[in-house]
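Colleague: Can you keep this structure in mind? I'll have questions shortly.
The values are calculated or read from the model by the stated rules, or taken from the named source; none is laboratory data. Because the structure is predicted, anything quoted here is derived from the model rather than measured. Quick reminder, even Gly has a Cβ in these numbers, built from the backbone with ideal geometry, and neighbours come from all protein chains shown. Side chains included, ligands, DNA and RNA excluded: accessible areas come from the protein's heavy atoms. Shrake-Rupley method; radii C 1.70, N 1.55, O 1.52, S 1.80 Å.
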Amino acid sequence: MSKGFGERLLWDVAIDQAQETDDGPKSEDAALFFIGSKNSGKTSIILRFLDRDEAPKPTVALEYTFGRRAKGHNIAKDVGHIWELGGGTWLSKLMEVPLNPDTLQHTTLAIVVDLSKPSEIWFTLETLLAAAKARVENILTEMKQECPGLKEKLRKKAWERVGEEHSDKAMIDPFLIPLIIIGGKYDVFQDFDSEKRKVICKTLRFIAHTNGATLQFCGLKQEQLVMRMRGLISHHLFGTTMGKSLQVDHNKPLMVAAGHDSLQQIGTPPLSEQDIGRVHAKNPMQLWKHAFTGFFPQDDISNPALVDDPSKDPQYQEAAIDSLRSQKDEELERYRRLCERRSKEAQRAAQTAY
C-alpha cells in the first residue's frame, strides 16, 4: 500500500535532516564531559542544571545522564548527553568511553577544580589536561586515514573560539575541543585571605587563557552563580546564547569566556624578585607552576588507595551479594589463620630438630 503525501513529506524531511552536514555539532548530538577533583561539586552542578531536587551521591567511576530542551513550539526535543568521571585523577583512563571517534567533534570537556583545596588545584589540572590531550591525540591518530583533515578542522574551530587575531596568539595553544574550567565551591573560597584568592585567580586565568578555555566560578549556595553555570552548560549542550560579560576581579566570582582575557590583564606570576632570578623555567607554564606550587604546595591525590571503598556505601547494598561477600571474607580469614598456625608449627618443628 502506498504512503500518503503527508507521510512521504515527513519522511523526506527526516532523511534530508539526517544527511545535512554542518561545521558545528548538532545540538541533539552534543555532549558535556565533566572531570575534575574528587568532591569538587561535579554531581551537584549537573543536578542543578537538570533541576533535580535530590541529594548528590558519590560518583564511583563513570556515570551518564542526559538533559532535554524543547525545540520552540515543536513536540520534538534536543537531547544533551552528560558524562561524569568520578575518582578525581586516577580514573582518567576511562576517558576513552565518552571521548571516542564518534563523539569527539560534538563533545565539550569541563574540568572542575575545588577552590577550597588549593593544594590540589595545580596537580588536578596538570594531570587531567595531559590525559585529555593524550586521548584526543590518540583519537585523531585512529581517524587519520578516514578523516585526514580532522585535526586542522578542529584547530581552526579552536582558534575561532579564541579569536584568530588575538594579541596573545603566540602564547596560546587552544585545546582542540571546547574546554571549560570551573572553579567549584566558591562559597568557601570567597572567605579566603585576599592574597590567596588573588594568586589562585591569576593562575587559573593564565591556565584557561593559554589553553583557549572558558573560566567560570560556581557556588551552589548563590542562585546567581547557579544560573550562570546553567547558562554555560546550556550553551554547550543546546547552542543557546551565552553572555560575554567579563569578570576578572579576584574579589568576585570569575567569569571569562574563551579569548576574552589577555596576558597583560592577568599580569606576572606571583614570584618574588629573588625567585625570578633563581627559577629555571623552560616556558611560562613552568614559571607559573613554580609560583603557584611555591605558594600552595601540592598534595599527590593520584593514589587509588585514597578513594573510598564503594562496597561500603549503603547506596550499593545488595543482600545476596553482600551475604556472599561476607561468606568469602570469613573463608579468607579462616584460611589466613590456618596458614599462620601452620607457619608457627613449622617454625617450632624446625627449632626442635635443630
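Colleague: When the Karplus curve 6.51 cos²θ - 1.76 cosθ + 1.60 is applied with θ = phi - 60°, which whole-Hz ³J(HN,Hα) does each residue of segment 41-46 get, with x for Gly and Pro?
Modeller: Values, residue by residue: x, 4, 4, 5, 4, 5 Hz.
Colleague: In whole Hz, what ³J(HN,Hα) sequence does segment 281-291 give by Karplus (6.51, -1.76, 1.60; θ = phi - 60°), x for Gly and Pro?
Modeller: 10, 7, 7, x, 4, 5, 5, 5, 4, 4, 5
Colleague: Can you give the Rg to Rh ratio of segment 93-214, both from alpha-carbon atoms, with Rh computed by the Kirkwood formula?
Modeller: Taking Rh as the inverse mean 1/r over Cα pairs, Rg/Rh reads 1.02.
Colleague: Additional query: Summarise the accessible area of segment 93-206 (1.4 Å probe, protein heavy atoms) by the percent that is carbon and sulfur.
Modeller: Within segment 93-206, the accessible surface is 49 percent carbon and sulfur.
Colleague: Check each of the GluC sites (Glu not before Pro) in segment 109-149 and keep only those in coil by DSSP with at most 14 other C-beta atoms within 10 angstrom; list them in order.
Modeller: E146
Colleague: Using a Förster radius of 56 Å, what is the FRET efficiency between N251 and V60 based on their Cβ-Cβ separation? Nearest 0.05, please.
Modeller: That gives a FRET efficiency of 0.90.
Colleague: Measure up K38/K221; K38/K93; K156/K282; K57/K198; K156/K185 against 23 Å on the Cα-Cα distance and list the ones that go over.
Modeller: Table pairs above 23 Å Cα-Cα are K156/K282; K57/K198; K156/K185.
Colleague: Given R₀ = 22 Å, FRET efficiency for D102-R69 by Cβ-Cβ distance, to 0.05?
Modeller: 0.50
Colleague: Using a Förster distance of 30 angstrom, determine the FRET efficiency expected from the C-beta separation of E164 and T141, and round it to 0.05.
Modeller: 0.70
Colleague: While we're on this one: Given points 7 Å out from each Cα along the Cα-Cβ axis, report the K93 to K282 separation in nanometres with one decimal.
Modeller: 2.6 nm
Colleague: List every residue whose amide H lies under 5 Å from the amide H of L50, counting only residues 5 or more places away in sequence or on a different chain, with H placed 1.01 Å from N in the peptide plane.
Modeller: none
Colleague: Measure off 7 Å from each Cα along the Cα-to-Cβ vector at R341 and S262, then give the distance between these two points in nanometres to one decimal.
Modeller: About 8.0 nm separates the two model spin labels.
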